[in-house]
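S.K.: A single structure is presented below for examination.
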Amino acid sequence: MHFQEIRQAASQGTISLPPPSNSEGLENELILKTCLKVVRELSDFRYSFATSRIPETSSRLMTIVEAKNQLMKRDHQVSLSDYFLSEIVPNPGVESLVLLDDYVKALTVGAESAPFSPVSVKTIIQIANQFPADQITWRQNKDIGERLLAPDTFPDSKAVQFELVRWDNYCRTPNDLDPLVHSLLCNLYFMAIAPLSRHNERIGQILLQLSLMGRDLNSPAPCIQLGKALVTNAHFGIEERLYGLRTRQWSPYLQYMLRTLLKATSMSIELLRSIDRLYNQTEDYLKNIGLSSHIAFLPAIFMHPACRTGELSSYINTRRQVASHILNDLAHANILSRTEDGRDRVFYNKRLIELLESDNYSFTPLPTAITPFIPLYQKGTPGRQRKSLKEEPAEE
């Protein structure tokens with residue numbers, strides 16, 4: 001259902017709010033079975049994260065992919081190559097890059113506290129303030145040109161204020177609902193009251209990510225691939241959903257969203273495993289071509305898929321000349337691609353970016369062979385080849 005129609009139905013009183021706070025007549029057998037499937041997928045996702053070679057890097061990359069897919073739903077097209085470049089060469093003139101960066105920050109801003117406390121009005125303010133260019137305020141507030149929401153403030157409108165307090169209480173109050181069901185109803189409730197002047201749906205998707213990180217669900221990071229799952233999942237009819245909400249028949253909506261979560265979690269596991277697979281294959285490839293000394297720098301080029309000599313020098317704490325030799329060796333080995341950027345060169349982890357932008361998380365296979373070459377960087381001789389040692393006189 002389109003967000004505006006949920007809000008209109010709520011304002012007309014055709015959606016009875018707040019949603020139920022007990023499971024009687026709500027959690028039927030089909031919903032509980034689907035909840036169990038989602039919980040199992042989340043458990044597999046946590047295990048995949050725990051056994052990942054680069055969990056912190058994977059979390060960051062997957063969060064960026066989720067933000068990109070959410071924005072693509074609203075026809076904001078952005079290249080990940082351009083985004084990774086903008087991290088080292090800021091480009092504030094490109095709106096889509098700024099918006100993607102804001103979205104990534106919004107996903108991560110509440111991640112540290114999400115496992116310990118439910119979403120609340122404070123969470124809404126934290127998220128909304130990550131989009132300063134959009135000047136998000138409370139609905140029905142007077143436009144006074146403020147770019148951010150002041151902490152611990154409520155809407156001017158008493159009606160909006162009343163609904164916001166009820167929503168906050170509903171999210172915080174313990175109940176006997178399944179945690180997944182409760183998170184989805186909190187999300188629907190937020191969309192129905194629409195407390196913000198704009199982008200309520202965007203904020204709602206981020207709130208749902210943080211809800212999934214709650215203590216009862218324990219998603220490891222705010223990177224469940226909801227954006228892609230919502231786009232690829234079968235559309236749930238607006239009229240059918242509105243009818244269910246008006247009559248307090250919540251099951252159709254819950255079943256639809258649980259199926260979406262199931263698909264999103266499965267996609268997340270697939271993406272995480274693909275990143276690990278590329279990392280492992282790259283490591284094996286470097287061993288096979290005699291560049292084992294370069295394996296130590298893989299974490300840096302996966303965490304930062306676009307970098308220049310200066311950035312890599314800072315990441316691995318070494319001299320620029322050493323960093324330059326490392327990047328050029330990896331480009332020669334067909335791990336990185338090299339692009340001229342004015343007076344400097346930018347090196348891209350091309351297979352990683354290809355994987356992140358692929359619909360099925362695939363990447364071009366690594367070469368099976370390579371023309372032998374003498375690396376510029378060798379372990380024990382950083383930045384240059386040692387001069388030949390003078391032969392010591394033989395002992396008589």
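The values are calculated or read from the model by the stated rules, or taken from the named source; none is laboratory data. What you see is a predicted model; the values in this text were computed from it and never measured. Neighbour counts are summed over all protein chains in view; Cβ atoms, including those assigned to glycine, are modelled from backbone coordinates with ideal geometry.
S.K.: Give just the number: which of (1) in a loop (DSSP other than H, G, I, E, B); (2) in contact with a Phe, Trp or Tyr (Cβ under 9 Å, 6 or more places away or on another chain); (3) aliphatic (A, V, I, L, M) does ALA331 not satisfy?
M.R.: (1)
S.K.: How many residues, within segment 121-147, are part of a loop (DSSP other than H, G, I, E, B), touching a residue at least 12 places away in the same chain (Cβ under 8 Å) and not hydrophobic (A, V, I, L, M, F, W, C)?
M.R.: 9
S.K.: For residues that are β-branched (Val, Ile, Thr) and farther than 21 Å from LEU80 by Cα, scanning just segment 267-309, find the one that is surrounded by the fewest Cβ atoms within 10 Å (Cβ to Cβ).
M.R.: So the residue we want is ILE295.
S.K.: Specify the residue that is surrounded by the most Cβ atoms within 10 Å (Cβ to Cβ); the eligible residues are those in segment 80-120 that are touching a residue at least 60 places away in the same chain (Cβ under 8 Å) and part of a loop (DSSP other than H, G, I, E, B).
M.R.: Taking the candidates together, the pick is VAL119.
S.K.: Kindly provide the set of residues from segment 312-321 that are surrounded by fewer than 20 Cβ atoms within 10 Å (Cβ to Cβ) and touching a residue at least 12 places away in the same chain (Cβ under 8 Å), ordered by number.
M.R.: Listed by number, the residues that qualify are TYR315, ILE316, THR318, ARG319, GLN321.
S.K.: When you go through LEU32, LEU17 one by one, which is the residue that is at pLDDT below 95, aliphatic (A, V, I, L, M) and part of a helix (DSSP H, G or I)?
M.R.: Of LEU32, LEU17, the one residue that is at pLDDT below 95, aliphatic (A, V, I, L, M) and part of a helix (DSSP H, G or I) is LEU32.
S.K.: Which number in (1) surrounded by fewer than 22 Cβ atoms within 10 Å (Cβ to Cβ); (2) at pLDDT 90 or above marks the one condition that ILE127 misses?
M.R.: Of everything listed in (1) surrounded by fewer than 22 Cβ atoms within 10 Å (Cβ to Cβ); (2) at pLDDT 90 or above, ILE127 misses just condition (1).
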